[in-house]
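Asker: Here it is, the structure, as structure tokens.
The values are calculated or read from the model by the stated rules, or taken from the named source; none is laboratory data. The shown structure was predicted, so the numbers you read here are calculated from the model rather than taken from an experiment. Using ideal geometry, Cβ is built from the backbone for each residue, glycine included, and neighbour counts are taken over all protein chains shown.
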Amino acid sequence: MTWYRLLAAATLTTSLFAGLVAAAAHADEAPVRIGRSTWRWVDAAGAVHYGDQPPAGTRASNVKLQPSIVETSAGDFATSDAARKFPVVFYTAPACAETCDRVRRWLRERRIPMREIAVTTAEQIQALREASGGNAVPVVTVGRQALTGFDPDQMSGILRGAGYPLASLAPPAGAPPSNPDNP
């Protein structure tokens, strides 16, 4: 586990623990609702309280609370960084149905972010020629490197060299690896 994940997990665990302790200490109080008026006050013993309404005669201040959101849908940092530095583009064509399906499935199983281009126009054919030096599909480009056809070992090597993490290059747990000879 990388340091930023450990830090995020420790921060989340600490926050959850603090929230549970606070909830247990004030189980009889109503929950604080984000987005409504929230008040902060200090009681005679020096304990800080938050709530929708301060007790009468207490000096309180109105505070604005923000929800804590941790974005997890973007994938891990290493994959995002590799995708930014070495984007994957997958060139397909209608006549390439079977092999292109295997390549597409292989990339998706490994959660490799990609842009797929179905080559149908003269402009797209020119882009394919510039990327690969030919007209054959499927072509997968990783940054400036191009792979024509489907060779899972060669594709793994190119992706690994571009910084895509090894974990994303393995098929999901319990799934057999894609076999180019047996879709």
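Asker: So, in segment 141-166, exactly how many residues are closer than 12 Å to Trp106 by Cα and touching a residue at least 12 places away in the same chain (Cβ under 8 Å)? Don't jump to the end; show me each part of the working.
Answerer: First, pick out the residues of segment 141-166 that are closer than 12 Å to Trp106 by Cα: 150-153, 155-156.
Within this subset, residues satisfying the condition of being touching a residue at least 12 places away in the same chain (Cβ under 8 Å) are 150-152, 155-156.
Result for segment 141-166: 5.
Asker: Check segment 30-37 and report whether any residue there is under 30 Å from Glu109 (Cβ atoms) and modelled with pLDDT of 50 or more.
Answerer: No, segment 30-37 has no match at all.
Asker: Just name the residue that is surrounded by the most Cβ atoms within 10 Å (Cβ to Cβ) out of those in segment 76-94 that are at pLDDT 90 or above and hydroxyl-bearing (Ser, Thr, Tyr).
Answerer: Residue satisfying both the conditions and the ranking: Tyr91.
Asker: Which residues, taken from segment 114-145, are of a type in the set (Gly, Ala, Ser) and either modelled with pLDDT of 95 or more or out of contact with any strand residue (DSSP E or B) (no Cβ under 8 Å at 6 or more places or on another chain) (or both)?
Answerer: Result: Ala122, Gly143.
Asker: Also: Take the conditions more than 15 Å from the chain's Cα centre (by Cα), at pLDDT below 90 and either polar (S, T, N, Q) or not in a loop (DSSP other than H, G, I, E, B) (or both) and apply them to Ser73. Does it pass? Before the answer, list the steps.
Answerer: Values: more than 15 Å from the chain's Cα centre (by Cα): no; at pLDDT below 90: yes; either polar (S, T, N, Q) or not in a loop (DSSP other than H, G, I, E, B) (or both): yes.
Answer is no for this residue.
Asker: Moving on. Select from segment 105-126 the residues that are aliphatic (A, V, I, L, M), over 29 Å from Asp76 (Cβ atoms) and surrounded by fewer than 16 Cβ atoms within 10 Å (Cβ to Cβ) and list them in ascending order. Full working, then the answer.
Answerer: Initially, segment 105-126 is screened for residues aliphatic (A, V, I, L, M), giving 107, 112, 114, 117-119, 122, 125.
From what's left, over 29 Å from Asp76 (Cβ atoms): 119, 122, 125.
Residues satisfying the conditions are Ala122, Ile125.
Asker: In this structure, is Ala97 surrounded by fewer than 11 Cβ atoms within 10 Å (Cβ to Cβ) and in a helix (DSSP H, G or I)?
Answerer: Details: surrounded by fewer than 11 Cβ atoms within 10 Å (Cβ to Cβ): yes; in a helix (DSSP H, G or I): yes.
Against the criterion (surrounded by fewer than 11 Cβ atoms within 10 Å (Cβ to Cβ) and in a helix (DSSP H, G or I)), Ala97 qualifies.
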